[in-house]
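J.: This is the structure I have questions about; it appears just below.
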Amino acid sequence: MLFLLSPAKSLDHGTLAPPVEPTEPRFTLQSVEIVGRLRTRRPDEIAGLMGLSDALAALNVARYAKRARGPMAGHAIARRARTPKALESFALEGYAHDAAASQPDRRVFRRRAG
């Protein structure tokens with residue numbers, strides 16, 4: 001099975017970031033509640049709520065989808081996946097296989113609401 005992951009476009013390993021004093025995040029509970037509600041929305045609904053263009057809303061959704069890339073790779077490696085079917089048991093960080101949206105040659109994984 002061929003498993004392709006796209007790397008970051010560019011990385012700067014030579015420049016050290018200046019030290020920063022850590023802070024405590026504000027509004028953590030409110031953020032969790034808002035994100036939980038937004039996960040159930042389609043990109044066009046989010047665009048309407050935030051006054052974004054459809055293209056920018058779709059870009060934001062795509063950014064969240066990229067978060068599943070690392071856990072998916074770890075799942076494939078840990079289970080020594082040799083076929084796409086072997087990936088269907090992936091269920092980490094809220095992402096899981098969506099059998100109804102999948103096709104034999106195209107597996108779909110979505111983030112569950114909640």
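The values are calculated or read from the model by the stated rules, or taken from the named source; none is laboratory data. The model shown is predicted, which means the values in this text are computed figures rather than measured ones. Because the Cβ atoms are built from the backbone with ideal geometry, glycine has one as well, and the counts that use them run over all protein chains shown.
J.: Quick one: is THR40 β-branched (Val, Ile, Thr) and within 19 Å of ARG112 (Cα to Cα)?
T.: Details: β-branched (Val, Ile, Thr): yes; within 19 Å of ARG112 (Cα to Cα): yes.
Considered against the rule, which asks whether it is β-branched (Val, Ile, Thr) and within 19 Å of ARG112 (Cα to Cα), THR40 comes out as yes.
J.: Considering (1) assigned to a loop (DSSP other than H, G, I, E, B); (2) without any contact (Cβ under 8 Å) to a residue 24 or more places away in the chain, say which one ARG63 fails and leave the rest.
T.: Answer for ARG63: the failing condition is (1).
J.: Sticking with this one: Any idea which of (1) modelled with pLDDT of 85 or more; (2) on the phi > 0 side of the Ramachandran plot is the one GLU93 doesn't satisfy?
T.: Among (1) modelled with pLDDT of 85 or more; (2) on the phi > 0 side of the Ramachandran plot, GLU93 violates only (1).
J.: Test of understanding: among ALA57, ALA81, which residue is outside any helix (DSSP H, G or I) and either surrounded by 15 or more Cβ atoms within 10 Å (Cβ to Cβ) or in contact with a Ser or Thr (Cβ under 6 Å, 6 or more places away or on another chain) (or both)? Write out each step before concluding.
T.: Working: ALA57 fails: outside any helix (DSSP H, G or I).
Answer to the selection: ALA81.
J.: If you scan region 77-111, which residues turn out to be in contact (Cβ under 8 Å) with a residue 12 or more places away in the chain, closer than 19 Å to ARG39 by Cα and of a type in the set (Gly, Ala, Ser)?
T.: Of everything in region 77-111, those that are in contact (Cβ under 8 Å) with a residue 12 or more places away in the chain, closer than 19 Å to ARG39 by Cα and of a type in the set (Gly, Ala, Ser) turn out to be GLY94, ALA96.
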